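Worksheet for the structure shown next.
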Amino acid sequence: MTVTKSSPGTHLRPAMDPVTFEVIRNAVINMTEEMAVTVRRAAFSTNIKTRADFSCAFFDAKLRCIAQSFAQPAHLVAMSTITPASIREFGPEMLNPGDAIVVNDPHRGASHLNDITVISPVEIDGFRLGYVANMAHHVDVGGSSPASLGVNKELCQEGIILPPTRIAQAGKIDDNILKLILANLRAPRETNGDLRAQLSANVVGIRRMTTLQGAYPVDLLTSFFDELIDYTDRWTKKEFLALPEGVYEAEGYRDDDGVSDDPVRLKVKITIKGGHVHLDPTGSSKQRMSPINCVRPMAKCAIAFVARCLVDDGIPVNEGFLNRIHVDGPDGLVCTAMRPAAVVGGWELVSRMAELIFLALHPALPTRIPAAGKGCIVNIGFGGIDPRRGEYYCYMETIAGGNGARPTKDGPDGVQTNLQNTENAPIEEVELHYPIRIKRYELITDSCGAGKFRGGMAIRRDFEFPYADCSWTVLSDGRKFAPWGLLGGKEGSCSRFIFDPDGENRDLPSKCSIEVPRGGCVRVETPGAGGFGYPNDRNPEAVRNDLRDEKISSTSAREDYGLNLSTR
């Protein structure tokens, strides 16, 4: 059972008994965690059941986010935006017990089309207590390329767009709606299973809330919701007031937008004042006719994630926290894109924005801010006919990389960084369920930025297709602008994508789709991470250990760290 802690110095109002408050709070949080367990155990696709690319939440009748399973930081804001917007648009009076609606439209407040949200009302004995919802990244939602990762110019080219649509009524799935959705996808078997897993999770959430309402009067629960939001707001304000007030700025770039070679400029201005945190992206590039855009809720994820890292980790994730975080500035930028902008590559922007926010805050918080990590999602997807099953398959994965070196520690090797919290896709499972072979999977020597504390190492993953040809897509970044180091630390390595590495050895753009023949191979090299502090200040024994473990080469040991190899 997950047990959360209370804030020292942040007190409840006299009318709320603190023991009852903590019991209910942990019950609601664990309800969302049990929903998450249900999604994961019932899902079909590797991306959901193994890599855990989903989140679950509970909203009260006032459409405020009360609790959220903290599975994916990238869903932190999108869930709290799309759920209330969808209920208001559909009409809460149109939802009855046993109903569920499905939605994925980014320009209504979601993230990108692959993230499908399922929402159900929690109604007990005629009283609308609230709503349960979960968001999961589906392996394919149609569009021009497998895994819906194509280099497109408009949202309608990226896949099926779902406004708030009733998919279940009175506990029964609407087969017509389900068939309509599945008819637009490449992997209907997996999506069918994943959608049913999401619906099942909502059923579990409703059961747990019914049990909770049986233990506590309705008026106590509704009073608890109000108190929890206010309590979180007071705690968040206290933590934000402890941060150094001021205005902090940084800027950086993404390689290109996939359509043109022009770099995409990102500028962030962070204002900390009066217990609130603001992000203003004014000065960033205007939205592009490409998939490298993100909507405002996605941009808010970047600042919300950074803010979450800088405050007490016991603060609940709910409306009381999110209401003190703001995204200002005009619409129509790459990070505040408007319809009909394509957005499937938006997390590539948000990942770099999070790094830039950290960079902007580094002068004010030099002992708490790390160097840059891989700073991109590294989306890869492919699909084709599986000759073993005689049906179309579709696979999607995001690959880990280096995390930035910290002021007192090396950066972790081969992990998902910042907004990503997805897990590794094991070779055994991938090869069992898909007609591919993982030829090589390893950390990359010398990919870590040198420093007093070195950056994390990048990952190499070679995909071989021995049984059939396929369509292969990458939607990533990091080929041209390396992750930066801090206070004398050196840059980490850039990403690379290579077709036929043992033959033609052709470098691919970071955003492209290609046809891979049977027997072909594509290599993915993710970015490493920047170092922290001057390399000459690194403990020589740590350098020798890195050399022994093949994390660095003898050349790096000699040239970056000045290690005398003749005496090692």
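The values are calculated or read from the model by the stated rules, or taken from the named source; none is laboratory data. The structure displayed is predicted, hence computed values, not measured ones. Methodologically, a virtual Cβ is constructed for each residue, glycine included, from the backbone with ideal geometry; neighbour enumeration extends over all protein chains shown. Only protein heavy atoms, including side chains, enter the accessible area calculation; ligands, DNA and RNA are left aside. Shrake-Rupley method; radii C 1.70, N 1.55, O 1.52, S 1.80 Å.
Scanning the range 38-68 for residues that are hydroxyl-bearing (Ser, Thr, Tyr) and over 22 Å from residue 164 (Cβ atoms) yields 38, 45, 46, 50.
Could we say that residue 110 is open to solvent by 10 Å² or more (accessible area, probe 1.4 Å) and not in a strand (DSSP E or B) here? So residue 110 does not fit the description; no.
Of the residues 339, 296, the single one that is modelled with pLDDT of 95 or more, open to solvent by 10 Å² or more (accessible area, probe 1.4 Å) and touching a His at 6+ places or on another chain (Cβ under 8 Å) is 339. For the range 361-415, which positions are open to solvent by less than 10 Å² (accessible area, probe 1.4 Å), closer than 14 Å to residue 526 by Cα and of a type in the set (D, E, K, R)? Within the range 361-415, 374, 397 meet the criteria.
Would you tally the residues in the range 312-336 being among the β-branched types (Val, Ile, Thr) and either part of a strand (DSSP E or B) or at pLDDT 95 or above (or both)? The qualifying residues number 4.
Checking 101, 82, 87 one by one, the residue that is in a strand (DSSP E or B) and at pLDDT 95 or above is 101 and no other.
When the range 74-107 is filtered for residues that are open to solvent by less than 10 Å² (accessible area, probe 1.4 Å), closer than 30 Å to residue 314 by Cα and in contact with a Ser or Thr (Cβ under 9 Å, 6 or more places away or on another chain), the ones remaining, listed by number, are 75, 76, 77, 78, 79, 82, 83, 86.
Quick grid of which residues meet (1) in contact with a Pro (Cβ under 6 Å, 6 or more places away or on another chain); (2) in contact (Cβ under 8 Å) with a residue 40 or more places away in the chain; (3) of a type in the set (Gly, Ala, Ser); (4) within 17 Å of residue 55 (Cα to Cα):
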site	(1), (2), (3), (4)
114	no, yes, no, yes
137	no, yes, no, yes
147	no, yes, yes, no
172	no, yes, no, no
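Residues in the range 156-176 that are under 10 Å from residue 100 (Cβ atoms), hydrophobic (A, V, I, L, M, F, W, C) and open to solvent by 40 Å² or more (accessible area, probe 1.4 Å): 173 alone. Scanning the range 285-300 for any residue that is farther than 23 Å from residue 110 by Cβ, among the β-branched types (Val, Ile, Thr) and part of a loop (DSSP other than H, G, I, E, B) turns up nothing. Residue under question is residue 463, and the condition is that it be in contact with a Leu (Cβ under 6 Å, 6 or more places away or on another chain) and part of a strand (DSSP E or B); does it hold? Considered against the rule, which asks whether it is in contact with a Leu (Cβ under 6 Å, 6 or more places away or on another chain) and part of a strand (DSSP E or B), residue 463 comes out as no. Free of Cβ contacts under 8 Å to residues at least 60 places away in the same chain and in contact with a Pro (Cβ under 9 Å, 6 or more places away or on another chain), is that true of residue 389? The answer is yes for residue 389. When 67, 100, 133, 57 are checked against the criterion of being farther than 13 Å from residue 202 by Cβ and among the aliphatic types (A, V, I, L, M), 67 stands alone in meeting it. Close contacts from the range 392-403, counting a first residue that is over 12 Å from residue 380 (Cα atoms) and modelled with pLDDT under 95 and a second that is surrounded by fewer than 24 Cβ atoms within 10 Å (Cβ to Cβ) and acidic (Asp, Glu), with Cβ to Cβ under 7 Å and a gap of 6+ residues or different chains, come to 393/386.
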